[in-house]
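> If you scroll down you'll find the structure; I have some questions about it.
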Amino acid sequence: MPTPPTILKRKIVARSRLFRVEQLDLRFSNGVERIYERLSGAGYGAVVVVPLTAAGEILLVREYGAGSHRYHWGLPKGAVDPGEDVLVAADRELKEEAGHGARRLCALKRIYLNPFYMERELDIVLAEDLYPESLPGDEPEPLATMCWPLARLSELLARDDVNDAISISALALARDHLAARDS
């Protein structure tokens, strides 16, 4: 794997409650220098949870997306609190957003939301052996939930209201993990 460019200078050029825009002055291995910008998160990472019921159904939540100004069906997700273990954060988010906890949690993969423009990492966690338990969350309104058979995943992904790239990639990873585990 090639060596990343040298960071000559790093500067915060804008800041909000959730993000910082960071300017990076870079020198590549061939001597070419460029200025890049990236979004840096203010937190400790995030988790997305693939909750799987005993009946083989995915537990989804419907949530408002400010980026699209629409409601979308997707997976429970949220920030990891300072010092919080990823699996603990996944179980907490599942309780806050979907009203369920999980007795079995398995970290599937750590991904970047967009490695070209964002520093933010996200852990994908499979949650099984679900049970009802709710925690108060930070959502401004109650989230609707629905269960969808994993065996009909392609139909779910064809829906117009299922278009969150994070949820889609997490569902594909979980499907492949489960197929390999159960074969």
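> Compute the acute angle (0 to 90°) between the alpha-carbon long axis of helix 165-181 and the principal axis of greatest extent of the alpha-carbon atoms of the chain; round to the nearest 10°.
Around 60 degrees separate the two axes.
> Out of these labelled values of Cα extents along the principal axes in Å, [x] 60, 38, 30; [y] 48, 47, 23; [z] 57, 40, 35, which was calculated from the coordinates shown here?
This structure yields the entry labelled [z].
> Which of the listed residues, Leu126, Ala158, Gly137, is farthest toward the dipole's positive end in the range 66-183, when Lys, Arg count +1 and Asp, Glu count -1 at the beta-carbon?
Ala158
> Looking only at Pro76, Pro132, Pro142, which one moves most when the chain is put into a Gaussian network model with springs between Cα atoms under 10 Å?
Pro132
> Taking K and R as +1 and D and E as -1, what net charge do the other residues with C-beta under 10 Å from the C-beta of Arg110 add up to?
Numbers: positive: Lys109; negative: Glu121, Asp123.
It works out to a net charge of -1.
> Express in nm, to one decimal, how much length is gained between Ala172 and Met1 on full extension, taking 0.36 nm for each residue of separation and deducting their alpha carbon distance.
My answer for the length gained is 58.9 nm.
> What is the extension gain from Val32 to Cys106, computed as 0.36 nm multiplied by their sequence separation minus the C-alpha to C-alpha distance, in nm to one decimal?
On the way: separation 74, 0.36 × 74 = 26.64 nm, distance 4.24 nm.
22.4 nm is the gain from fully extending Val32 to Cys106.
> Quick check: Cα centre of the range 141-162 to Cα centre of the range 54-79, how many Å?
8 Å
> Compute the longest continuous run of the chain that contains no exposed chymotrypsin sites (Phe, Trp or Tyr not before Pro); treat a site as exposed when its DSSP state is not H, G, I, E or B and it has at most 14 other Cβ atoms within 10 Å. Present the calculation step by step, with values, prior to reporting the outcome.
Values: sites that count: Phe28, Tyr44, Phe116, Tyr117.
In short, 45-115.
> Below 8 Å, C-alpha to C-alpha, sequence gap of six or more: please give me the relative contact order for the chain in percent.
Once divided by the residue count of the chain, the mean separation gives 21 percent.
> So what's the angle, to the nearest 10 degrees on a 0 to 90 scale, between helix 86-98 and the longest Cα principal axis of the chain?
60 degrees
FYI, it's all coordinate maths here, none of it is from the lab. All figures in this text were calculated on a predicted structure; none of them were measured in a lab. Glycine gets a Cβ as well: all are built from the backbone with ideal geometry, and neighbour counts include every protein chain shown.
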